[in-house]
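The values are calculated or read from the model by the stated rules, or taken from the named source; none is laboratory data. For clarity, every value in this text was computed on a predicted model and none was experimentally measured. All Cβ positions, glycine included, derive from the backbone under ideal geometry; neighbour counts span all protein chains shown.
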Amino acid sequence: MSQRNPAISKGIDYSLVWIYLLLVSIGLMAIFGATYREGDNVFQSFLGFKTDYSKQFYFFVVALVLGLFILLTDSKFFSATANIFYAAGIFLLLLVFPFHTSVSGTESIIRVGGFQFQPAEFCKISVALALAKYLSRPETDFSRTRSQLIAAAIVLFPAAITILQKETGLALVFFAFFLVMYREGLPSGILITGFAVAALVVATLLVERNTLALVLTAIALLLAFAMRRQIKRQKAIIFRLILLWFVCVSVIWVGVPFVFKHVFKLYQVERIYSTIGKEVPNEYIEAHNKEKEGPGGKKKDTDYNVRQSKIAIGSGGAIGKGLLKGTQTRYGFVPEQRTDFIFDTIAEGFGFVGCLVLLCIYLLLLFRMVAVAERQRSVFSRCYAYGVAAVFFFHIVINVAMAVGLAPVIGIPLPFISYGGTSLLTFTILLFILIRLDADRQMVLR
């Protein structure tokens, strides 16, 4: 009896491989259910590379070959070339500016022949490797502010470039890497500050700015009164309170208006306000030099996508209508149903049970990634594993939240499920590098 090649099989975590194959299979089925048309010859369609499900199948074949190639690669290669990968990712991002193609409002795509490539997707791999490389250096003391700022710059630099390419949603994914920094010793106060700022931004959207500023002023005065004894002993406390109040008011009066007027596009602002059930203020509409009214004086339906998504999810009921039997997803009522709203196809076809099974598979994947990360001897492998887990977690949570109306529609694909060659290849590379590093988990990489 022939033995398996130990160069490939030794140390491989096959549970991750099987979960990967299962999710890709579900994705192919969902794309087939969303795009199949009556009368199509399925066999010829797969061979003809003309339908979305056939293209996704061929992308999967390429991704699988690439994954096998990664498993045959020495783990030291990834740590040795991490900075080169990062430089290549930044170069590709910059290459978008002179050679981009505008697709659905974004300018982050390069078209080569009949194929489209989105460098920002590839950059997730390069950032994960570069951040792991930096954090694993013996000379990196992550308790120092300088090291924390350098790590933040590694993450935020490609995010800033991506925002300039009008791909704000994808740029937000890079913030998931701050979870890796937190695992490696980033003070919890920084994360708390980040969540506090996010809460303040949401409050700015929900409450009138003058009212919110008065409330914050009242809170600051109450804090000063409650801490009057400490302030007498340590005068610096009052200056910190004043600084904190000033920063909060600046976010309300300067920060939020600037971002909504000059960073976000109008359709993004509309989606955010639609999520919280409010109309877009006229100041933002005027700043974008666009009118709220569409052709013929009809008001634009900014929450159409989410409303149709909710109808599709609700129509699936407990056990669903079955594959190719959903009315909302089969007849195009849900926009972008093969990409951003692919979750709706599963929800309508297989109902609450199908959604629960899919989410349990994702939960199993995330728990397995964390377990793999914690058993690494190498800091590089551990940081990379947590980086991959953080990226997957962000994509899964935001995509599902978009579908059910709990988050603005920002164009985040569902890993291994949504249609897209670049997305499938990126997630495959991220996962298989993790599997390769885990196979050599007893090795200490630098």
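Out of the residues in segment 116-130 that are touching a strand residue (DSSP E or B) at 6+ places or on another chain (Cβ under 7 Å) and in contact (Cβ under 8 Å) with a residue 60 or more places away in the chain, which is farthest from Leu164 (Cα to Cα)?
Step by step, filter segment 116-130, then rank; the result is Gln116.
Collect the residues in segment 63-98 that are of a type in the set (A, V, I, L, M), over 23 Å from the mean Cα position of the chain (by Cα) and in a helix (DSSP H, G or I), keeping them in residue-number order.
Val65, Leu68, Ile70, Leu71, Ala80, Ile84 - these are the residues of segment 63-98 that are of a type in the set (A, V, I, L, M), over 23 Å from the mean Cα position of the chain (by Cα) and in a helix (DSSP H, G or I).
Only residues that are over 12 Å from Ile435 (Cα atoms), hydroxyl-bearing (Ser, Thr, Tyr) and in a helix (DSSP H, G or I): list them for segment 347-384, please.
Tyr362
Just to be sure, is Gly296 farther than 30 Å from Leu170 by Cβ, at pLDDT below 80 and not charged (D, E, K, R)?
Taking the combined requirement at face value, the residue satisfies it.
Please find, within segment 437-446, the residue that is modelled with the highest pLDDT out of those that are surrounded by 21 or more Cβ atoms within 10 Å (Cβ to Cβ) and in contact with a Ser or Thr (Cβ under 6 Å, 6 or more places away or on another chain).
Top of the filtered list is Leu437.
From the residues in segment 312-330 that are surrounded by 13 or more Cβ atoms within 10 Å (Cβ to Cβ) and part of a loop (DSSP other than H, G, I, E, B), which one is modelled with the highest pLDDT?
Selected residue: Gly317.
Yes or no: Glu208 farther than 25 Å from Phe175 by Cβ, out of contact with any Pro (no Cβ under 7 Å at 6 or more places or on another chain), modelled with pLDDT of 80 or more and acidic (Asp, Glu)?
yes
The conditions are (1) at pLDDT 90 or above; (2) surrounded by fewer than 16 Cβ atoms within 10 Å (Cβ to Cβ); (3) not hydroxyl-bearing (Ser, Thr, Tyr), and Phe60 fails exactly one of them. Which is it?
The single condition Phe60 does not satisfy is (2).
Among the listed residues Phe367, Phe427, Phe416, Phe333, identify the single one that is among the aromatic types (Phe, Trp, Tyr), surrounded by fewer than 24 Cβ atoms within 10 Å (Cβ to Cβ) and closer than 30 Å to Lys10 by Cα.
Testing whether each residue is among the aromatic types (Phe, Trp, Tyr), surrounded by fewer than 24 Cβ atoms within 10 Å (Cβ to Cβ) and closer than 30 Å to Lys10 by Cα leaves just Phe367.
State all residues of segment 399-408 that are in a helix (DSSP H, G or I) and in contact (Cβ under 8 Å) with a residue 24 or more places away in the chain; if no residue qualifies, say none.
Hits for segment 399-408 are Asn399, Val400, Met402, Ala403.
Kindly indicate the residue of segment 244-290 that is part of a helix (DSSP H, G or I) and polar (S, T, N, Q) and also nearest to Val202 (Cα to Cα) among those meeting that condition.
The qualifying residue nearest to Val202 (Cα to Cα) is Thr275.
Criterion first (farther than 23 Å from Leu414 by Cα and at pLDDT 85 or above) does Ala176 satisfy it?
No, not satisfied.
Of the conditions (1) part of a helix (DSSP H, G or I); (2) buried (at least 19 other Cβ atoms within 10 Å of the Cβ); (3) modelled with pLDDT under 85, Gln44 fails just one. Which one is it?
With respect to (1) part of a helix (DSSP H, G or I); (2) buried (at least 19 other Cβ atoms within 10 Å of the Cβ); (3) modelled with pLDDT under 85, Gln44 is out only on (2).
Taking interchain pairs and intrachain pairs at least six residues apart, which have beta carbon atoms under 6 angstrom, with the first residue in segment 352-379 and farther than 29 Å from Ile311 by Cβ and the second small (Gly, Ala, Ser) and not in a helix (DSSP H, G or I)?
Val379/Ser136
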